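Worksheet: one structure, shown below.
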Amino acid sequence: MEPRVETKLEGNSLSVPSVQELAKDPSLSTVPPRYIRHHQDPPIIPFITSSSLPQVPVIDMKKLLIHLDHQEEFMGSELEKFHFACKDWGFFQLINHGVSSSVMDRMKAGVEGFFNLDVEEKNKFKQKAGEMEGLGQAFVVSEEQKLDWADMFYIISLPTHLRNPHLFPNLPVAFRLWATGIAGFESAFADKELAVAFWVRVRRRAAQTTGSPSLAEQLEIGVIPSYKQARRDQLLSSTVEEEASSNRKRGSSQLVRECKHLAPSRGKKPQRKKIINKQIARDSLEAYSVEVKNIAQKLLHLTTKALKMNPNDMRELIEEGFQSMRMNYYPPCPQPNLVIGLNNHSDAVGLTILLQINDKEGLQIRKDGMWVPIKPLPNAFIVNIGDILEIVTNGIYRSIEHRAIVNADKERLSVATFYSPKLDGELGPAPSLISKETPALFMRIGVADYYKGFFSRQLHGKSYVDVIRIHNSDEEAKI
């Protein structure tokens with residue numbers, strides 16, 4: 001067996017203050033100058049209503065997978081819709097993807113919980129000097145640079161040998177959902193709690209569901225000041241799904257503030273250590289990572305069919321790639337039109353698969369010169385083509401600029417999973433797509449060198465993919 005080449009993802013980003021902590025200040029009425037961007041495009045296109053804007057295509061994964069095992073007619077098929085979405089939009093929503101709601105809900109709950117940890121706990125996961133991974137912001141290369149109105153937690157999730165030993169093995173307690181063990185709940189009820197995402201309301205429901213007088217007495221249901229009798233009756237008659245939806249609409253930060261006084265400091269010690277240990281934390285993220293990797297690999301296989309590529313041209317990207325995740329928190333802002341949650345950019349990856357955590361919209365894509373908002377479908381993934389797939393397909397599939405805007409009333413959360421080629425590989429157009437009629441549009445470059453150049457720049461537009469574009473037959477772009 002050949003020794004593994006340990007190639008690291010190189011990059012650096014300067015340390016910046018937490019925007020989430022800044023936004024918590026009740027006296028904050030104006031945005032600090034470093035976040036103000038006077039020259040950005042407006043978040044709303046004048047004279048155009050959102051209902052009249054085009055919407056990204058919706059792709060049914062169940063129908064699409066038929067093409068992996070059978071030679072189906074291309075015209076009018078789901079594969080043709082997929083090809084159109086990648087070629088003309090660079091974005092689509094993926095439904096019937098096969099990832100269970102429990103896996104998605106556990107991931108959502110972990111992300112929400114992480115960003116609601118005390119600042120001292122979160123600071124244990126801040127970016128270190130010379131590293132891209134951790135809590136902070138990416139692409140901050142100077143002290144004068146304008147900052148995004150967001151906090152982000154970035155990690156490499158797969159393959160396992162690339163994981164940061166200071167991050168993944170010591171996941172924040174939020175991914176353990178410590179509250180599942182507070183009152184000695186059985187594991188079946190802990191699953192319900194994970195679905196609802198926050199423990200206070202579920203604890204109240206527990207007394208009714210389990211029929212345990214001692215539990216009801218222990219939880220002191222009748223004296224919780226935040227919930228009156230009418231609210232209690234409504235809660236006990238509602239379904240877990242209804243409560244989960246209600247919680248997400250109200251905003252996780254508000255719920256945590258309301259219920260902080262009910263934390264374990266009241267003397268209720270966790271009893272189910274097996275539910276709240278670190279292994280559960282890793283298992284939740286591990287399960288999600290594997291599921292999303294499987295989706296990415298299947299979609300990349302399908303691109304070879306849609307483009308009639310030689311499958312070997314995509315093998316390195318499909319079978320030996322690495323996966324990373326960026327968990328995003330966009331706090332409310334008193335002047336949302338002056339800031340940007342995430343500056344307009346394209347993703348320097350193969351594929352991006354985005355999971356919306358709560359129901360607040362904010363993702364916009366640049367389509368035909370307009371910023372088009374994406375309205376996430378329930379339980380759908382938002383998938384977009386990255387710069388690397390544009391390069392591999394020699395420009396047939398295009399990465400699209402997108403951005404995140406913020407609002408004044410509620411936080412927005414999401415988690416983006418990126419799938420890319422192995423770091424010690426080489427990147428360039430697929431040979432089977434190159435001919436005299438369709439010459440290569442991009443130069444070849446080592447993947448590690450590609451990322452080193454990408455992370456050394458400010459995030460803006462598609463400026464970096466243009467750097468490795470071949471401008472004419474005699475001159476190649478220089479990095």
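The values are calculated or read from the model by the stated rules, or taken from the named source; none is laboratory data. Model, not experiment: these values are computed from the prediction. Cβ coordinates were reconstructed from backbone atoms using ideal geometry, including for glycine residues, and neighbour counts include every protein chain displayed.
With respect to (1) within 19 Å of Gly136 (Cα to Cα); (2) in contact with a Phe, Trp or Tyr (Cβ under 7 Å, 6 or more places away or on another chain); (3) not acidic (Asp, Glu), the lone exception for Ala306 is condition (1).
Would you pick out the residues in the stretch 351-380 that are polar (S, T, N, Q) and part of a strand (DSSP E or B)? Lay out the reasoning, then the answer.
Kept after step one, since they are polar (S, T, N, Q), are these residues of the stretch 351-380: 352, 356, 358, 364, 379.
Passing the criteria: Thr352, Gln356, Gln364.
In the stretch 381-433, counting only strands (runs of 3 or more DSSP E) that sit wholly within it, none holds 3 or more residues that are more than 21 Å from the chain's Cα centre (by Cα) and under 22 Å from Gln55 (Cα atoms).
When the stretch 101-121 is filtered for residues that are part of a loop (DSSP other than H, G, I, E, B) and in contact (Cβ under 8 Å) with a residue 12 or more places away in the chain, the ones remaining, listed by number, are Asn116, Leu117.
What helices (runs of 4 or more DSSP H), lying completely within the stretch 50-90, carry at least 2 residues that are modelled with pLDDT of 85 or more and either of a type in the set (S, T, N, Q) or at negative phi (or both)?
Ranges flagged: 61-64, 78-84.
With the condition kept exactly as written, say whether any residue in the stretch 370-381 is touching a Phe, Trp or Tyr at 6+ places or on another chain (Cβ under 8 Å), farther than 30 Å from Lys81 by Cβ and in the same structural domain as Leu338 (by TED's automatic domain parsing). No, because not a single residue in the stretch 370-381 is touching a Phe, Trp or Tyr at 6+ places or on another chain (Cβ under 8 Å), farther than 30 Å from Lys81 by Cβ and in the same structural domain as Leu338 (by TED's automatic domain parsing).
Only one entry in Pro33, Pro3 is modelled with pLDDT of 90 or more and exposed (fewer than 10 other Cβ atoms within 10 Å of the Cβ), namely Pro33. Taking the stretch 117-158 as the range and being of a type in the set (S, T, N, Q), within 18 Å of the chain's Cα centre (by Cα) and either within 13 Å of Asn343 (Cβ to Cβ) or modelled with pLDDT under 80 (or both) as the test, only Gln137 passes.
Taken together, Leu162, Leu79, Leu158, Leu167 contain a single residue that is assigned by TED's automatic domain parsing to the domain that holds Leu307, touching a strand residue (DSSP E or B) at 6+ places or on another chain (Cβ under 9 Å), surrounded by 14 or more Cβ atoms within 10 Å (Cβ to Cβ) and under 30 Å from Ala306 (Cα atoms), which is Leu158. Could you tell me whether the stretch 350-360 includes any residue that is touching a residue at least 40 places away in the same chain (Cβ under 8 Å) and more than 23 Å from Glu112 (Cα to Cα)? Yes, the stretch 350-360 contains at least one residue that is touching a residue at least 40 places away in the same chain (Cβ under 8 Å) and more than 23 Å from Glu112 (Cα to Cα).
For Lys124, indicate whether it is under 30 Å from Tyr35 (Cα atoms), surrounded by fewer than 18 Cβ atoms within 10 Å (Cβ to Cβ) and of a type outside the set (Gly, Ala, Ser). Quick ask: steps written out before the conclusion?
Values: under 30 Å from Tyr35 (Cα atoms): yes; surrounded by fewer than 18 Cβ atoms within 10 Å (Cβ to Cβ): yes; of a type outside the set (Gly, Ala, Ser): yes.
So Lys124 fits the description; yes.
Every condition in (1) farther than 19 Å from Val349 by Cα; (2) out of contact with any Asp or Glu (no Cβ under 9 Å at 6 or more places or on another chain) is met by Val119 except one, and the failing one is (2). Once the stretch 359-373 is narrowed to residues that are under 15 Å from the mean Cα position of the chain (by Cα) and surrounded by fewer than 21 Cβ atoms within 10 Å (Cβ to Cβ), the residue that is modelled with the lowest pLDDT is Asp359.
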